[in-house]
Number of protein chains: 2
Amino acid sequence: MKIIGEALPNMPWQEKPEGLKNAPVWRFNENPIIERNPLKNVARIFNSAVMPYNGEFIGVFRGEQTNGISYIYLGHSKDAVHWTFNEEKIHFVDEDGNDFMPNYAYDPRLVKVEDTYYIMWCTDFYGAAIGLAKTTDFKTFVRLENPFIPFNRNAVLFPRKINGNYMMLSRPSDSGHTPFGDIFLSESPDLVYWGKHRHVMGRGAEWWESVKIGGGAAPIETDEGWLMFYHGVSGTCNGFVYSIGGAILDIDNPSIVKYRCENFLLTPEEWYEERGFVPNVCFPCATLHDADTGRIAIYYGAADSYVGLAFTQLEDVVNYIKENSVLTTQDTEIGRR
Amino acid sequence: MKIIGEALPNMPWQEKPEGLKNAPVWRFNENPIIERNPLKNVARIFNSAVMPYNGEFIGVFRGEQTNGISYIYLGHSKDAVHWTFNEEKIHFVDEDGNDFMPNYAYDPRLVKVEDTYYIMWCTDFYGAAIGLAKTTDFKTFVRLENPFIPFNRNAVLFPRKINGNYMMLSRPSDSGHTPFGDIFLSESPDLVYWGKHRHVMGRGAEWWESVKIGGGAAPIETDEGWLMFYHGVSGTCNGFVYSIGGAILDIDNPSIVKYRCENFLLTPEEWYEERGFVPNVCFPCATLHDADTGRIAIYYGAADSYVGLAFTQLEDVVNYIKENSVLTTQDTEIGRR
């Protein structure tokens, strides 16, 4: 079993602790890796995405300002654990080079396709929708057309084209806290026009993901299919609980789910996940992974207040997903109606 | 002032009655033109669209079956007032010629672009979304890709391409009765991939359209711009009230609103509009119009139970819209964020 991709020997890693009873996903013992008030005028950094870059690491971070509005901040790190941030939020330009600043920007993902880095985030497009920008140097960020009309959140590109098209997961939503939500897949030949939309999978029968689900980290290409870490939401009498789930999508037709784990892989239980601005949230946005060893590091927002780091190993997590897979017709069909 | 289009001397028409105090839109004196139980197994026909065809008229009709599920039925008429319907609902095929039947189909619009007729309707795409099909002979109906991910309703194509692209209005919504909604515009080079989405206009400050608005009839090309009849919704303590509004969009950049009438053009007041399965609904879906005389006939669903017909005259209605126009920044801007 192997990750199809590059080696990343300098990614962060800790061995699996003894005594793990459930899913083979374990937390970094120095969590949270980003504390409160990380920057002047920024109260919390969370729900953020990182990438290898020039032998070190780079990332786009959701920084919630002390005025309550979220923007995206650029961060750098030598070890992907200790991060320094630019004090200025990322400023975009449009295709003509004119300044473009969204009214807000949250929950960014960062994905490299071919030689370009893409940021997807939740933006204000007369309602919550997906913003999209590209950069090659992390100095100039060019916004592209919004791929979809509102309301939508949790978009993430696949790290390569499939059948010649860019592929993007997203989660249609409503104008508020959205008590529903399934994951869809859309294709684009040019990142301007999108279509061939397909339903990937719906909220689950299981309580932990019965309200809504949404794409998280960019899917990881493996010889078993696309390994997808996503979030699933449970609705309790005191609010939503966000857990991390796992599924494996067909490599050529990723609207077809091959395996879907009926158990969560990680759920809030540590203080930094259970306490915070939004209690009880584990919200995955990115992974680092090493094709040589199968090591995977999952970056997740914790309680809308911190960034947490968890580890797993390809073979362990894929086997766990397969052994605990429960599929419905909505999962396995092509997703066109 | 003139309609840019074809003559249609055989369209239905009645002269403006004397004593009209408000908007220059008046009802056909034989309304409703389609009564209850129009077909075996169909309880009500409403929210339907008609077109000239081979010297007579053709239409696609929302028929709500006695089991409560809506499908689209084909209708023919010599005078566009008296209609006969096919007993069998429209059956679609997919692009490969295989049978395709949506789980439900409601609120169809019918628009001719170049030599092809297109039907847009609200379909089940794991949630309410826009279905799209084409026909050239009204015998074979080929479904095309769903243009957007859910949730969406009230899509209508423009009757010609603009700057080389197909243009479609739609109204993003939620999974239920949707207490919000603005009109957006999307472009497509091929009816498969859609993008360059723009906000056209939002719900109004005026009470009659303060909950949501949605595209209605295909916009009519005039030398003043695109004349758009749409619906606006008011939220009362006893439910929604649907009225007909009017606006004029820029001819080359129809996300820019040139004039928007602050008053409704037609609001429920007759028994067939105020009484029915959904009381208090006037829901425009199509017009017939004659370029020679400027006559316009508006077809609208009444109380989700009947089809009504109303008339107006180009110069009268455009002048009324201009004289009562109130615009916001959201109306006049290009609609990109």
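The values are calculated or read from the model by the stated rules, or taken from the named source; none is laboratory data. None of these values were measured; they are calculated from a predicted model. Backbone-built Cβ (ideal geometry, glycine too); neighbour counts: all protein chains shown. Remember, those area values only see protein heavy atoms, side chains included, never the ligands or the DNA or RNA. Shrake-Rupley method; radii C 1.70, N 1.55, O 1.52, S 1.80 Å.
Divide the volume of the convex hull of the Cα atoms of the range A:141-241 by its number of residues and quote the answer in cubic angstrom per residue.
Numbers: hull volume 12.5 nm³, N = 101.
It comes to 124 Å³ per residue, whole-number rounded.
List the distances, in nm to one decimal, from the label point of residue B:250 to the label points of the same position in every other copy, shortest first, placing each label point 7 Å from Cα along the Cα-to-Cβ direction.
4.4
Just name one of A:308, A:176, A:247: the one whose Cα is farthest towards the positive end of the charge dipole of the protein assembly as shown (beta-carbon charges, Lys/Arg +1, Asp/Glu -1).
A:176
Could you run the Karplus curve 6.51 cos²θ - 1.76 cosθ + 1.60 with θ = phi - 60° over the range B:227-244 and give me ³J(HN,Hα) per residue in whole Hz, x for Gly and Pro?
7, 10, 9, 9, 10, x, 10, 10, x, 9, 5, 10, x, 7, 10, 9, 10, 9
Within 10 Å, count the other beta carbons around each residue, average over each peptide in A:65-77, A:176-188, A:143-155, and list them highest first. The partial results should precede the final answer.
Working: A:65-77: 17.6, A:176-188: 20.5, A:143-155: 24.1.
Per-residue mean Cβ counts within 10 Å order the peptides as A:143-155, A:176-188, A:65-77.
Do any trypsin sites (Lys or Arg not before Pro) in the range A:1-101 lie in a loop, going by DSSP, with at most 15 other beta-carbon atoms within 10 Å of their beta carbon, and if so which?
Taking the range A:1-101 and a limit of 15 other Cβ atoms within 10 Å, the loop trypsin sites (Lys or Arg not before Pro) found are A:2, A:21, A:36, A:40, A:78.
Counting only other chains, and only Cβ atoms inside 10 Å, what mean value do you get across the residues of B:164-172? Each step should come with its number before you reach the end.
Working: counts 0, 1, 0, 0, 0, 0, 1, 1, 12.
Per-residue shielding by partner chains comes out at 2.
When a/c is below 1.5 the answer is rounded, else prolate if a/b is larger than b/c, else oblate, so apply that to the protein assembly as shown with a ≥ b ≥ c taken from the square roots of the Cα gyration tensor eigenvalues. All intermediate terms of the calculation are to be shown ahead of the outcome.
On the way: a/c = 2.29, a/b = 1.93, b/c = 1.19.
Since a/c reaches 1.5 and a/b is larger than b/c, the shape of the protein assembly as shown is classed as prolate.
Under 1.5 on a/c is rounded, so check that first for the range B:32-324, then, if it is not, pick prolate when a/b is larger than b/c and oblate when it is not; a ≥ b ≥ c are the square roots of the alpha carbon gyration tensor eigenvalues.
Working: a/c = 1.26, a/b = 1.11, b/c = 1.13.
Note, shape of the range B:32-324 comes out rounded.
Residues of A:186-199, mean number of Cβ from any other protein chain within 10 Å of their own Cβ, rounded to a whole number?
On the way: counts 4, 3, 3, 4, 3, 1, 6, 11, 10, 13, 4, 10, 5, 5.
Mean partner-chain Cβ count within 10 Å for A:186-199: 6.
Could you give the accessible area per residue of the range B:62-192, probe 1.4 Å, as a whole number in Å²?
On the way: 4550 Å² over 131 residues.
Counting only protein heavy atoms, the per-residue value for the range B:62-192 is 35 Å².
Given label points at 7 Å from Cα along Cα→Cβ, what nm distances, shortest first, separate residue A:278 from the same residue in every other copy?
Reported distances to equivalent positions: 3.1 nm.
Where the centre of each part is set by its Cα atoms, how far does the range A:32-97 sit from the range B:20-51, in angstrom?
Going from one Cα centre to the other spans 58 Å.
Relative to the Cα centre, what is the charge dipole magnitude of the range B:32-324, using +1 at the beta carbon of each Lys and Arg, -1 at the beta carbon of each Asp and Glu, and rounding to the nearest 20 debye? Provide the component values of the computation, followed by the final result.
Working: 24 positive and 38 negative charges, 91 e Å.
Computed charge dipole of the range B:32-324: roughly 440 debye.
In whole Hz, what ³J(HN,Hα) sequence does the range B:213-221 give by Karplus (6.51, -1.76, 1.60; θ = phi - 60°), x for Gly and Pro?
Result, ordered by residue: 10, x, x, x, 6, 4, x, 9, 6 Hz.
Assume the label is 7 Å from Cα along Cα to beta carbon: what separations in nm does residue B:86 have to the matching positions in the other copies?
With the label placed 7 Å along Cα→Cβ, residue B:86 yields 5.8 nm.
For a quick protection proxy, order the peptides B:270-279, A:200-209 by their average other-Cβ count within 10 Å, most packed first.
A:200-209, B:270-279
At a 1.4 Å probe, what is the % contribution of carbon and sulfur to the accessible area of the range A:32-324? Could you put the intermediate results ahead of the total?
Numbers: 4270 of 9610 Å².
Exposed carbon and sulfur together represent 44 percent of the surface.
What's the buried accessible area, both sides, between B and A using a 1.4 Å probe, rounded to 100 Å²? Each step should come with its number before you reach the end.
On the way: alone 14150 and 14190 Å², together 24860 Å².
Between B and A, the summed buried area is about 3500 Å².
Let me know the shape class of the range A:279-318, please: from the alpha-carbon gyration tensor, a ≥ b ≥ c as square roots of the eigenvalues, rounded when a/c is under 1.5, otherwise prolate if a/b is greater than b/c, or oblate.
Values: a/c = 3.85, a/b = 2.44, b/c = 1.58.
Prolate shape, in that a/c is at least 1.5 and a/b is the bigger ratio.
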